[in-house]
Amino acid sequence: MKNVNEFLNKQEITYQENVSFKRLTTYRCGGKAKYVVFPDSVTKLKSLLKYLKDNNIKYKVFGNGSNILASEKDYDGVIIKLTKFNKYTIDNDVVTAQAGVNLSLLANELSKNCYSGLEFACGIPGTVGGAIYMNAGAYLKDIASLVIDVTLLDENLNVLVLKKEDLNFSYRSSLLQSKNYICLEARLKLEKQENNEQILTVVSNRLKRRLSTQPLDYPSAGSVFRNPEDDFAGRLVEECNLKGKIIGGAMISDKHANFIINKDNAKATDIKQLMDLAQEEVYKKFNVKLRIEQELFNWE
Ligand SMILES: Cc1cc2nc3c(=O)[nH]c(=O)nc-3n(C[C@H](O)[C@H](O)[C@H](O)COP(=O)(O)OP(=O)(O)OC[C@H]3O[C@@H](n4cnc5c(N)ncnc54)[C@H](O)[C@@H]3O)c2cc1C
């Protein structure tokens with residue numbers, strides 16, 4: 001990867017070297033990424049991807065890293081951050097938000113400005129791109145319910161716009177998980193209301209509920225497991241008496257059993273072992289296979 005610096009300098013793409021995944025993920029653990037790059041235009045992103053593909057250099061797009069458990073291994077590749085794709089516009093009731101926009105901040109801004117729809121996203125610490133990829137949601141709502149269309153970069157580096165019905169959205173899932181597409185921006189339909197009173201009440205209630213039920217004072221990546229149909233992963237883990245279980249620096253939260261927290265300088269392997277343990281115990285007791293909602297990155 002000797003010439004990477006040369007390429008990035010020539011293309012004027014900002015980058016950092018040997019960056020710890022402690023800084024790139026909300027779990028605050030893991031090894032180091034050889035490069036983290038911050039392209040600021042689609043043209044630069046395309047030339048970067050072409051270069052990486054031509055030179056067989058592995059890469060991965062990261063949003064805010066709030067749904068990723070990176071392993072302790074160093075990653076000999078390039079993490080692409082779309083932090084500079086951070087603009088949004090509002091036209092009538094339609095918000096066009098670039099992939100790097102902070103979802104929670106966007107939800108707050110829109111709520112204050114009397115737009116209803118994204119209240120559920122206040123408190124989800126991801127980006128618009130990550131939310132589209134995961135179909136982020138809460139309180140029985142998800143981002144798919146607002147999507148009009150999404151602008152993507154496909155594997156051949158063509159820009160395409162896919163309508164909601166072509167994006168295969170379902171519970172915490174989207175087409176992006178099966179195709180190597182990069183989300184560039186999304187158009188969301190909101191509802192403009194006369195004042196923000198009701199919207200802000202919903203936002204405040206949701207945030208209070210998060211604060212009272214989630215261990216927000218420790219690093220985590222939100223819910224570890226997908227809820228099985230008609231049940232709650234947290235309930236199953238709790239019934240196995242695993243709340244408060246500690247391995248190394250990680251702990252199954254004693255506040256919410258579907259959260260694993262980085263309590264004290266946890267290694268990624270501590271967190272992974274707790275995931276495995278919870279899966280095993282739940283399977284033994286309930287014959288239910290819990291599926292991990294978070295992404296294990298750089299483990300193979
Ligand atoms: C305290 C806490 C609470 C949470 N609460 C919720 C919740 O209520 N509901 C919920 O759904 N989630 C929740 N999460 C999980 C997480 O915030 C969401 O899944 C979020 O959508 C992830 O966004 P991100 O930008 O951090 O994505 P990342 O974690 O960085 O990436 C996740 C995946 O998306 C891909 N990706 C990111 N950006 C792009 C892009 N531009 N194009 C293509 N792929 C991309 C990545 O490659 C990766 O595969 C919570 C997390 C925490 C820490």
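What to note about this one:
Here's the yes/no breakdown for (1) within 27 Å of Asn158 (Cα to Cα); (2) over 20 Å from the mean Cα position of the chain (by Cα); (3) not acidic (Asp, Glu):
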site: Asn9; (1), (2), (3): yes, yes, yes
site: Arg28; (1), (2), (3): no, no, yes
site: Val36; (1), (2), (3): yes, no, yes
site: Ile57; (1), (2), (3): yes, yes, yes
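- Remark: pairs (first residue in the range 160-178, part of a helix (DSSP H, G or I) and of a type in the set (D, E, K, R); second residue at pLDDT 95 or above and surrounded by 14 or more Cβ atoms within 10 Å (Cβ to Cβ); Cβ separation under 6 Å; 6+ apart in sequence or on different chains) = Lys164/Val147.
- Failed item in (1) under 24 Å from Glu72 (Cα atoms); (2) among the aliphatic types (A, V, I, L, M); (3) buried (at least 16 other Cβ atoms within 10 Å of the Cβ); (4) more than 15 Å from the ligand (Cβ to nearest atom), with Ala266 passing the rest: (4)
- Selection of first residues in the range 179-203 that are in contact (Cβ under 8 Å) with a residue 12 or more places away in the chain and surrounded by fewer than 21 Cβ atoms within 10 Å (Cβ to Cβ) and of second residues that are aliphatic (A, V, I, L, M) and assigned to a helix (DSSP H, G or I), restricted to Cβ pairs under 6 Å at least 6 apart or on distinct chains, gives the following pairs, ordered by first then second residue: Lys189/Leu146.
- Hits in the range 138-187 (condition: near the ligand (Cβ under 9 Å from one of its atoms) and at pLDDT below 95): Ala138, Tyr139, Arg172, Asn180
- Residue check: Glu300 meets all listed conditions (1) surrounded by fewer than 16 Cβ atoms within 10 Å (Cβ to Cβ); (2) over 24 Å from Asp74 (Cβ atoms) but one, namely (2).
- The residues in the range 27-85 that are more than 16 Å from Tyr133 (Cβ to Cβ), hydroxyl-bearing (Ser, Thr, Tyr) and buried (at least 22 other Cβ atoms within 10 Å of the Cβ) can be counted, and the count is 3.
- Lone unmet requirement of (1) part of a helix (DSSP H, G or I); (2) surrounded by fewer than 16 Cβ atoms within 10 Å (Cβ to Cβ); (3) in contact (Cβ under 8 Å) with a residue 60 or more places away in the chain for Gly129: (2)
- As a summary of the residue check, Val161 satisfies the conditions (1) within 23 Å of Val61 (Cα to Cα); (2) of a type in the set (A, V, I, L, M); (3) surrounded by 14 or more Cβ atoms within 10 Å (Cβ to Cβ); (4) touching an Asp or Glu at 6+ places or on another chain (Cβ under 6 Å) except for the one numbered (3).
- Residue in the range 146-155 that is out of contact with any strand residue (DSSP E or B) (no Cβ under 7 Å at 6 or more places or on another chain) and within 19 Å of Leu176 (Cβ to Cβ) present: yes
- Screening Lys272, Lys284 for residues that are in a helix (DSSP H, G or I) and closer than 29 Å to Tyr59 by Cβ leaves exactly one candidate, Lys272.
- The range 15-66, subset assigned to a strand (DSSP E or B) and hydroxyl-bearing (Ser, Thr, Tyr), residue farthest from the ligand (Cβ to nearest atom): Tyr15
- Pick from the range 84-121, criterion over 17 Å from the mean Cα position of the chain (by Cα), polar (S, T, N, Q) and within 15 Å of Ile148 (Cα to Cα), ranking: nearest to the ligand (Cβ to nearest atom): Thr96
The values are calculated or read from the model by the stated rules, or taken from the named source; none is laboratory data. Computed from a prediction, not measured in an experiment: that's the story for all the values here. A quick note on method: Cβ atoms are made from the backbone with ideal geometry, for glycine too, and the neighbour counts reach across all protein chains shown.
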